[in-house]
């Protein structure tokens with residue numbers, strides 16, 4: 001894989017991602033296009049198609065922001081490949097490249113990796129990254145925000161209610177069209193295509 005052939009993530013790349021994500025829905029929130037797009041400037045994501053997978057990586061993430069688990073800030077930050085056999089692509093990446101870390105690998109992919117003979121031969125280490133696990137809240141807790149655990153969320157909600165005159169609308173029917181128009185208008189104003 002030629003790491004220098006990656007390109008920055010742009011809104012116009014969504015159809016490429018849709019092609020893969022529709023066939024291989026992500027198990028983690030980080031691999032949705034909207035999430036990747038929102039975080040693209042922070043991570044400085046690059047991507048490329050390689051062996052029928054999308055490869056997403058950030059060359060300077062550890063130098064600029066993150067903390068390398070291996071302690072090597074020259075490592076390249078990768079997300080799990082998107083495609084039919086991400087475990088096989090992960091092994092190929094480790095064979096072809098030096099100084100890389102693959103973060104947020106779903107448990108299902110990890111289980112498949114452990115069955116690969118090459119996994120042991122490469123002597124790869126796996127670390128749990130609890131700070132980046134996806135989380136799920138119980139609906140009743142989000143409705144009521146009970147106890148000390150949700151005190152800060154209650155404060156944020158109360159501050160919002162105090163400061164803003166808001167309306168709540170379910171997005172359906174005609175509002176879908178208006179929402180898309182607003183998104184395009186916002187994109188024109190903020191020049192999001194070139195940003």
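Going by Cα centres, region 144-195 and region 2-17 are how many Å apart?
For region 144-195 versus region 2-17, the Cα centre distance is 28 Å.
To the nearest 10 degrees, how steep is helix 86-96 against the longest Cα principal axis of the chain, on a 0 to 90 scale?
It works out to around 50 degrees.
Could you put 156, 50 in order, starting from the residue whose Cβ has the fewest other Cβ atoms within 10 Å?
Arranged by neighbour count, lowest to highest, 156, 50 become 156, 50.
Test of understanding: what is the full-extension gain from residue 96 to residue 124, defined as 0.36 nm times their sequence separation minus their Cα-Cα distance?
The residue 96-residue 124 span can extend by a further 8.7 nm.
Restricting the calculation to Cα positions, tell me the Rg (one decimal) and the Dmax (whole number) of region 139-194 in Å.
So, for region 139-194, Rg and Dmax equal 16.7, 45 Å respectively.
Tell me the label-point distance for the pair residue 162, residue 67, using the 7 Å Cα-to-Cβ offset, in nm and rounded to one decimal.
3.4
Of 88, 117, 23, which is the most mobile in a GNM of the chain whose springs link Cα atoms less than 10 angstrom apart?
Of 88, 117, 23, the most mobile in the Gaussian network model is 117.
Can you tell me which of 42, 20, 127 moves the most in a GNM of the chain? Springs connect C-alpha atoms under 10 Å apart.
127
Return 53, 169, 103, 114 ranked ascending by Cβ neighbour count within 10 Å, so the fewest neighbours appear first.
Fewest-to-most ranking of 53, 169, 103, 114: 169, 114, 103, 53.
As a footprinting exposure proxy, order 124, 157 by other Cβ within 10 Å, with the fewest listed first.
157, 124
Restricting everything to alpha-carbon atoms, can you work out Rg to Rh for region 3-132 with a Kirkwood hydrodynamic radius?
The Rg/Rh ratio comes out at 0.93.
Any idea what angle helix 174-190 forms with the longest principal axis of the chain, computed on alpha-carbon atoms, 0 to 90 degrees, nearest 10?
Value to nearest ten degrees: 70.
Three principal axis extents, largest first, for the C-alpha atoms of region 72-155, in Å?
So the extents along the principal axes, rounded to whole Å, are 50, 28, 20.
GNM on the chain, C-alpha springs below 10 Å: top fluctuator among 64, 35, 144?
144
Over the residues of region 41-195, compute the C-alpha Rg and express it relative to 2.2 N^0.38 Å.
1.43
Read-outs: derived from the displayed coordinates by stated rules, not from any lab. What you see is a predicted model; the values in this text were computed from it and never measured. Virtual Cβ from ideal backbone geometry, glycine too; neighbours counted across all protein chains shown.
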